[in-house]
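Heads up: the structure comes next, in structure tokens.
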Amino acid sequence: MSPQTAGAVYTSLVEENPDAHIWACPWDALDVSSVLEQALGEGASCVPVSGHGHVHTAELFTSEVFHPYRPRTAAHWKEELMKLSDPARGEILRAKGFLPLEDGAWIQADYTPGHVYLHPWGAPCESILTVIGRNMNRSALSEQFEKIES
């Protein structure tokens, strides 16, 4: 894209979200680990990837799937998802899924570091939560989301 078009896109993005982290570099020069570090609050800059020219994402993060069967209130789900910011659970970059509410309704849940978004979901479905991050403590996450309580 031309520098003028790139400038217009950049300006539009900043107007839409002044807090967004924007990398203005060619795709093949984008260091994915820099993006992840920024998302996790460690700070980073856009630098070319050294070596063979690409990053193996499997080396950067993994995902775990949980099936939290116990219905909870939306407030409780929000509280549980905010716990993903705790370093004891690993470096959680993202979580998303469909969760049951105590009243029989369902919500779509989205987590990014420090933020939880809950949206009503119309039809019953499978309870599922996918958590994406690095150095995840699967035991702690499983205890949090799959523990059967009486």
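The values are calculated or read from the model by the stated rules, or taken from the named source; none is laboratory data. All values reported here derive from a predicted model rather than from experimental measurement. Glycine gets a Cβ as well: all are built from the backbone with ideal geometry, and neighbour counts include every protein chain shown. Quick note on the areas: whole protein, heavy atoms, side chains included, nothing else; ligands and nucleic acids left out. Shrake-Rupley method; radii C 1.70, N 1.55, O 1.52, S 1.80 Å.
Note on surface exposure: Ile132, Ile92 rank Ile132, Ile92 by accessible area, highest first, 1.4 Å probe. Take 122-129, 67-74 and order them by the average number of nearby Cβ atoms within 10 Å per residue, most first; the result is 67-74, 122-129. Close amide H contacts of Ile107 (hydrogens built in the peptide plane, cut-off under 5 Å, sequence separation of 5 or more or a different chain): Leu99, Leu101, Trp121.
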